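First comes the structure, then the notes that go with it.
The values are calculated or read from the model by the stated rules, or taken from the named source; none is laboratory data. Because the structure is predicted, anything quoted here is derived from the model rather than measured. Heads up, the Cβs are rebuilt from the backbone with ideal geometry, glycines too, and the neighbour counts pull from every protein chain shown. Heavy atoms of the whole protein, side chains included, go into the accessibility calculation; ligands, DNA and RNA do not. Shrake-Rupley method; radii C 1.70, N 1.55, O 1.52, S 1.80 Å.
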Amino acid sequence: MRIGGDWLTRPETQAVCAMLTGAGHRALFVGGCVRNAIFGVAVADVDIATDARPETVTVLAEKAGLRPVPTGIAHGTVTVVSGGIPHEVTTFRRDVETFGRHATVAFADDVEQDAARRDFTMNALYATPDGEVLDPLGGLPDALARRVRFAGDAEARIAEDYLRILRFFRFHAWYGDPQGGLDPDGLAACAALSAGIETLSRERIGQEMRKLLSAPDPAPSVAAMAQAGVLARVLPGADARALPVLVHLEGTLHPRWLRRLAVVGGEAGGLRLSRAEMAAIETIRRGIDSMQGPAELGYRHGADLAADIVLARAALTGAPPPGGWQADTARGAAAVFPLRGGDLAARGFSGPDLGAALRAAEARWLQSGFTLSREDLLP
Ligand code: ATP
Ligand code: MG
């Protein structure tokens with residue numbers, strides 16, 4: 001099988017391959033870029049595997065007039081910037097020792113060893129600089145059938161690195177067969193070893209959940225996580241049942257992972273979200289419980305958060321969103337309350353009275369569908 005793509009044939013990327021092959025080393029595309037090219041979806045990052053050691057990669061890059069950046073020398077990665085485009089060049093590795101969190105790796109000389117330490121068979125595909133696919137583990141049929149399968153024994157691979165549990169669900173959501181279920185062996189292993197999630201940092205859990213929930217349809221994966229007892233470890237108290245309804249209601253709208261998280265619920269504190277993300281989750285959750293309609297939500301929170309609230313509320317209550325809600329949230333988001341505190345101060349209001357009068361005027365204005373003018377609202 002041969003893959004192609006602008007990312008593969010562009011001179012900047014071919015120059016990185018040539019600097020390695022010209023010195024007698026191997027240059028093999030690997031991981032996401034190969035997998036995505038096979039699936040015909042966009043390739044974001046280019047990873048290249050090589051038998052050259054990082055010091056050699058650095059020297060060869062400098063000789064070729066490219067810029068090597070030591071982004072991960074300890075685990076064998078040199079980022080080679082070519083024509084402004086970063087390429088992660090990583091020396092072949094093999095797993096030697098594991099603590100159940102990070103696999104400790106040693107450099108290896110051949111691609112078979114490098115393939116064996118990768119997580120899923122669809123992530124252990126390689127391609128030569130001219131696009132010929134190499135398949136050391138026999139994972140190509142899995143990829144073509146969109147089966148996310150652990151490379152080797154699922155339980156053993158999870159025990160080496162429990163993050164692989166979350167990656168299993170994430171990769172299924174993005175690249176698995178939407179009609180088919182998750183791989184039964186992998187799922188059983190994730191269920192059996194779900195307690196290992198506790199060894200992961202909140203950052204890593206949060207990053208994985210963000211990527212999982214950003215998939216076009218994460219609902220089947222999240223339902224499987226719930227069944228396997230993994231969801232409760234990640235988000236205690238979560239309930240995945242409304243998620244498929246939300247995804248359906250979203251239709252062609254841009255998926256927003258925080259909206260999905262708000263619907264799944266549970267203790268989001270285990271994800272180490274940013275302050276802004278926590279605030280958004282809070283706003284969505286409070287908005288769901290409020291009596292506010294789409295227009296007022298748009299006015300108070302802006303169009304995006306208002307859409308999150310309208311859709312999440314509909315998913316959780318089972319009542320469809322009100323007709324024309326998108327036009328209403330947009331109208332609300334654009335509306336500007338015409339009265340200022342100063343207007344009331346000029347009329348003798350002050351302190352708590354002023355605040356109360358301003359809120360009362362705002363309520364009348366909202367009630368009017370944003371139509372009352374400043375003059376109408378002045379007492
Ligand atoms: P994405 O498009 O999400 O970046 P990706 O396949 O590039 O997908 P990365 O997390 O960037 O995923 O990892 C790059 C490659 O490194 C993977 O394809 C896989 O081969 C390997 N890999 C990454 N993390 C692990 C892990 N925890 N265990 C084993 N192999 C891993
Ligand atoms: Mg990647």
(message) Just to confirm my filter: which helices (runs of 4 or more DSSP H) fall fully inside segment 289-379 and include at least 3 residues that are crowded, with 18+ Cβ neighbours inside 10 Å?
(response) 294-317, 325-334, 351-367
(request) Identify the single condition in (1) more than 16 Å from ligand 1 (Cβ to nearest atom); (2) under 30 Å from Gly176 (Cα atoms) that Glu55 does not satisfy, given that it satisfies every other one. (result) (2)
(request) List every residue pair whose Cβ atoms sit under 6 Å apart, with the two residues 6 or more apart in sequence or on different chains, where the first one lies in segment 137-161 and is closer than 12 Å to Ala116 by Cβ and the second, anywhere, is among the small types (Gly, Ala, Ser) and open to solvent by less than 70 Å² (accessible area, probe 1.4 Å). (result) Leu137/Ala115; Leu137/Ala124; Leu137/Ala151; Gly139/Ala124; Phe150/Gly186; Ala151/Ala124; Glu160/Ala103
(message) Residues to consider are Thr9, Thr50; find the one that is over 25 Å from Ile165 (Cα atoms) and open to solvent by 30 Å² or more (accessible area, probe 1.4 Å).
(response) Thr9
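Quick check on Val81: is it away from ligand 1 (no atom under 13 Å from the Cβ), closer than 24 Å to Gly131 by Cα and of a type in the set (A, V, I, L, M, F, W, C)?
On the way: away from ligand 1 (no atom under 13 Å from the Cβ): yes; closer than 24 Å to Gly131 by Cα: yes; of a type in the set (A, V, I, L, M, F, W, C): yes.
Considered against the rule, which asks whether it is away from ligand 1 (no atom under 13 Å from the Cβ), closer than 24 Å to Gly131 by Cα and of a type in the set (A, V, I, L, M, F, W, C), Val81 comes out as yes.
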(request) For residues that are at pLDDT 95 or above, aliphatic (A, V, I, L, M) and part of a loop (DSSP other than H, G, I, E, B), scanning just segment 20-41, find the one that is farthest from ligand 1 (Cβ to nearest atom). (result) Ala23
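Condition check: under 30 Å from Lys211 (Cβ atoms) and touching a residue at least 60 places away in the same chain (Cβ under 8 Å). Does Ala280 satisfy that?
Answer is no for this residue.
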(request) State all residues of segment 162-199 that are in contact with a strand residue (DSSP E or B) (Cβ under 9 Å, 6 or more places away or on another chain) and open to solvent by less than 20 Å² (accessible area, probe 1.4 Å); if no residue qualifies, say none. (result) Arg164, Phe168, Phe171, Gly186, Ala189, Gly196
(request) Read through the list (1) within 24 Å of the chain's Cα centre (by Cα); (2) within 27 Å of Val230 (Cα to Cα); (3) surrounded by fewer than 20 Cβ atoms within 10 Å (Cβ to Cβ), then give the number of the only condition that Leu144 fails. (result) (2)
(message) For the structure I just gave you, tell me whether Pro70 is more than 16 Å from ligand 2 (Cβ to nearest atom), part of a strand (DSSP E or B) and open to solvent by 60 Å² or more (accessible area, probe 1.4 Å).
(response) yes
(request) Determine, yes or no, whether Phe99 is modelled with pLDDT under 95, away from ligand 1 (no atom under 11 Å from the Cβ) and aromatic (Phe, Trp, Tyr). (result) yes
(request) Select from segment 49-94 the residues that are touching a His at 6+ places or on another chain (Cβ under 8 Å), of a type in the set (Val, Ile, Thr) and closer than 16 Å to Gly31 by Cα and list them in ascending order. (result) Thr50, Thr79, Thr90
(message) Name the single residue that is nearest to Arg359 (Cα to Cα) among those in segment 242-275 being open to solvent by 50 Å² or more (accessible area, probe 1.4 Å), over 17 Å from the mean Cα position of the chain (by Cα) and modelled with pLDDT under 95.
(response) Arg275
(request) Please name all residue pairs, on different chains or six or more residues apart, with Cβ atoms under 7 Å, provided the first residue is in segment 24-47 and is in contact (Cβ under 8 Å) with a residue 12 or more places away in the chain and the second residue is within 12 Å of ligand 2 (Cβ to nearest atom) and part of a loop (DSSP other than H, G, I, E, B). (result) Gly32/Asp45; Cys33/Val43; Cys33/Asp45; Ala37/Val43; Asp47/Gly31
